[in-house]
Amino acid sequence: MTPELLERRLQRLVDQAPDAGRVSNRVLAGTPSRPTRRWPKVATSGLAALVLAALIAYFVPVADLAIAKVPFAGDLLRDAGLVGVEGRITSVGSVSSSSGYRLELVGAYADSTRTVLLLHAAPSVGPHFESLRLTDQFGRSYQAQNGTANFETGDSEIQFEALAWPDGITGARLTLSLTSVETYSDLGPAPTVSGSWTLSATVGVDQSTSLPLPEAATLGNARFRFTSVSYTLATVLVNIEETGVSLGELGRTIPDGKKGTPALTMDIYDSEGQIINGSASMSDDPFGVVHISFLGFRLGAGGNYVLRISYYGYGSFERVLAIP
């Protein structure tokens, strides 16, 4: 069976998302309907081993990963939320050159909350965010969410959304493509440079673990109900539904003569009392529910993490998140 045929068959499985056990039983029980040539016993065993090895390499790309410490500065790893999982980053080393610039995909990390790629450029440039395209072995695209570039060193980190099923089980073969890069001068950002860069990586996915839901809370007219709390080796993810106060009200900024103070703030402190970096998002639905998501980047050890939510003029509340 050719790789192209395998790709088409597996793509149909992904599109239809069937029950894994049912598919396995069907494959194991299936027999050919026409006569087949009988190979000698030893040859059959050898052929089966080769086919099995090929199928494992195709269906389970994570089977042959190289994990190594990547040569990135601590600041960039902190921005990427990878301080706590430095030993879990997959070493890649894929290189692509175009328009006089050499890009190397140095490392990759993925868990149930996001996918992070670490790049190095020589001469120093940054990836042009709008030109990024990340796909997996099924041809599915993943949205770039944020990133950081150091124009002095040429190092950058890019965070994409989490990988879809079944990548979380089998791992993924990723392809990153760019059609332009950003240059920089002493005066600030310079024009982008067009080109064509394609980089590839194989990466495993660290699964998340759910925590018990904290008790609901009320601040003024705002009622906060936790819908999910989970953690990975690198992150803490908190999802909340808020009712009683509109998205516009929660998202407003209170003037303070400086940059202003957000009406709603969320902070997570780790077991050592250090506030951890992260990102938050809010959206509403037609039913008046505001959906709040906070993704915090762990610095390492587990323990009692403290989530503090403050609503300007109405106080704050705290909840303990016990991470083993």
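Points worth noting:
- Sole exception among (1) more than 26 Å from residue 286 (Cα to Cα); (2) at pLDDT 95 or above; (3) under 26 Å from the mean Cα position of the chain (by Cα) for residue 193, by number: (3)
- For residue 282: the one exception among (1) more than 22 Å from residue 84 (Cβ to Cβ); (2) outside any helix (DSSP H, G or I); (3) free of Cβ contacts under 8 Å to residues at least 24 places away in the same chain: (3)
- Within the stretch 179-212, considering residues that are of a type in the set (A, V, I, L, M, F, W, C) and surrounded by fewer than 14 Cβ atoms within 10 Å (Cβ to Cβ), the one farthest from residue 133 (Cα to Cα): 187
- Leading residue by the ranking (surrounded by the most Cβ atoms within 10 Å (Cβ to Cβ)) among those in the stretch 268-283 that are closer than 23 Å to residue 145 by Cβ and either of a type in the set (A, V, I, L, M, F, W, C) or over 22 Å from the mean Cα position of the chain (by Cα) (or both): 268
- Check on residue 194, assigned by TED's automatic domain parsing to the domain that holds residue 97 and closer than 24 Å to residue 79 by Cα: no
- If you go through the stretch 103-162 and keep only what is outside any loop (DSSP other than H, G, I, E, B), of a type in the set (D, E, K, R), more than 22 Å from residue 232 (Cα to Cα) and at pLDDT below 95, you end up with 130, 155.
- Residue within the stretch 107-117 that is without any contact (Cβ under 8 Å) to a residue 40 or more places away in the chain and in the same structural domain as residue 176 (by TED's automatic domain parsing) present: yes
- Residue in the stretch 246-262 that is of a type in the set (S, T, N, Q), within 27 Å of residue 210 (Cα to Cα) and in contact (Cβ under 8 Å) with a residue 12 or more places away in the chain present: no
- The stretch 130-151, residues that are over 16 Å from the mean Cα position of the chain (by Cα), under 21 Å from residue 82 (Cα atoms) and free of Cβ contacts under 8 Å to residues at least 60 places away in the same chain: 149, 151
- So residue 222, is it modelled with pLDDT under 95, surrounded by 13 or more Cβ atoms within 10 Å (Cβ to Cβ) and not charged (D, E, K, R): no
- Out of 260, 288, 302, one residue alone is modelled with pLDDT under 95 and within 27 Å of the chain's Cα centre (by Cα). It is 302.
- Residue within the stretch 253-275 that is in contact with a helix residue (DSSP H, G or I) (Cβ under 7 Å, 6 or more places away or on another chain) and not assigned by TED's automatic domain parsing to the domain that holds residue 147 present: yes
- Options 264, 321: the member that is within 13 Å of residue 242 (Cβ to Cβ), touching a strand residue (DSSP E or B) at 6+ places or on another chain (Cβ under 6 Å) and not basic (Lys, Arg): 264
- Tallying residues that are over 18 Å from residue 315 (Cβ atoms), surrounded by fewer than 20 Cβ atoms within 10 Å (Cβ to Cβ) and of a type outside the set (S, T, N, Q) within the stretch 227-245 yields 2.
The values are calculated or read from the model by the stated rules, or taken from the named source; none is laboratory data. Nothing here was measured: the structure is a model prediction, and the numbers come from that model. Methodologically, a virtual Cβ is constructed for each residue, glycine included, from the backbone with ideal geometry; neighbour enumeration extends over all protein chains shown.
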